[in-house]
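Please see the structure below; I have some questions.
Nothing in this text is a laboratory measurement; each read-out follows from the coordinates by a stated rule. Nothing here was measured: the structure is a model prediction, and the numbers come from that model. Every residue, glycine among them, receives a Cβ derived from its backbone with ideal geometry; neighbour counts consider all protein chains shown.
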Amino acid sequence: MTQYIIKRLLTSVLVLVFISVIVFAGVRVIPGDVCAIIAGDRVEPAQCAAIERELGLDEPAPRQYLTWMGGIMQGDFGRSLTQRTDVLNDIGRRVPPTVQLTLMSTGFALALALPIGVYSAARQDRFADYFLRILTIGWLSIPNFWLGAMLIVLLSSWFNYIPPLGYVNIWDDPLRNLEQLYLPAFALGLALSASIARITRSSMLEVLRQDYVRTARAKGLHEWSVVGTHALRNALIPVITLFALQFGVLFGGTVIIETIFNVPGLGRLLLTAVLSKDYPTVQGLVLLFAVVLVTINLIVDISYAWLDPRIRYS
């Protein structure tokens, strides 16, 4: 196990280096002129040269990359080109809303999906199974940004209720914080719950056909004891894989929902940075998202051995 973890850590470092090169090169092909964004459209060539020299943009690209990576290794993500603020501090202020939104949406998805998937598998080819499968397909086809917009429109039209937009720290005002985030969390988590419910059903059906499940039934155990104790744990492996990957995707994919509900999270920061061609901010955010995804994948792989004793790493 130790050797496996070390190999995965080394592989993860290589993946992160590769991603850093891709994002460093990619942000520089975004249309737009940094000088024009900072100083206006009528900026003089001499003034533009001074701006590029101040920001280090006049140096060769390889040297800019090495300078940036050297700063990253020391915990320095650079300074925003447009706001002239510390990128790491900007990201740190935006992390709590996005993390809370992601946790709430994934928690809602799990709470809804696992019972649906297990019950649907236990009632295979019955009315409840068909109904729940159709329902989850419908949830899966609804875009989260459309659902978020419709929630605001319908609630305001039918009930004269407009959810409070923005973000208040949960430690300052817990009730208002939850009131601000429960709708975007629902919009994000609904499609995820459909995916998890469907993979839970498929995995449960496969496990329920195993010999040890038939043995447990032959011993006279209650059906829900067989399903909940003997089958569910082994059926969770593909579920955890999907959940973990989707958690990482949600963490880095809340741009539209955060914009609709005016949540000042990482998604809105990334959108603003891309539109203003703020290289250091975009690079820092993408690298952060990559670290989160790589870390989640490593944790998931290690968790397999705990969930299924048949799995061993050498």
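Extending each Cα 7 Å along its Cβ direction at residue 16 and residue 141, get the distance between those two points in nm, one decimal.
Label at residue 16, label at residue 141, 4.2 nm between them.
Order of 93-106, 122-135 by packing, highest average Cβ count within 10 Å first?
Output ranking for 93-106, 122-135: 93-106, 122-135.
Can you find, among 263, 238, 289, the residue sitting farthest towards the positive end of the charge dipole of segment 203-305, where Lys and Arg contribute +1 and Asp and Glu -1 at Cβ?
Going by the Cα projections, it comes out as 238.
Given the -39500 (n - 2.57) contribution per DSSP H run of 4+ residues, what per-residue ellipticity at 222 nm results for the chain, rounded to the nearest 500 deg cm²/dmol?
Result for the chain: -25000 deg cm²/dmol, rounded to the nearest 500.
Moving to a separate point now. How many percent of Cα pairs in segment 46-164 exceed 24 Å?
61
Next question. Would you be so kind as to identify all helices of the chain, as entire DSSP H runs, whose Cα atoms reach 30 Å or more along the helix's own axis and whose mean Kyte-Doolittle hydropathy is at least -1.0?
Span-like helices, by this rule, are 2-27, 87-122, 174-208, 279-307.
Over the chain, with a single point scatterer placed on each C-alpha, what log10 of the ratio I(q)/I(0) does the Debye formula yield at q = 0.09, 0.13, 0.14 1/Å?
Computed log10 I(q)/I(0) values: -0.62, -1.07, -1.16.
Also, quick follow-up: Rounded to a whole number of µm²/s, how large is the Stokes-Einstein D of segment 168-244 at 25 °C and 0.890 mPa s, given Rh as the Kirkwood radius over C-alpha pairs?
Taking Rh from Cα pairs, D becomes 164 µm²/s.
So for each of 107-114, 83-90 I average, over its residues, the number of other beta carbons within 10 Å; can you give me the resulting order with the highest mean first?
Result, highest mean Cβ count within 10 Å first: 107-114, 83-90.
Compare the peptides 172-179, 145-152 by average per-residue count of other Cβ atoms within 10 angstrom and give them in order, highest first.
With the highest mean Cβ count within 10 Å placed first, the list reads 145-152, 172-179.
Please list, in chain and number order, the residues 5+ apart from residue 79 or on another chain whose amide H is under 5 Å from its amide H, with Hs placed from the backbone.
Excluding prolines and chain starts, which carry no amide H, the hits are 87.
Something else: Quick check on segment 123-279: take the gyration tensor over C-alpha atoms, sort the square-rooted eigenvalues as a ≥ b ≥ c, and tell me if it's rounded (a/c under 1.5), prolate or oblate.
Numbers: a/c = 2.55, a/b = 2.08, b/c = 1.22.
Prolate, since a/c reaches 1.5 and a/b exceeds b/c.
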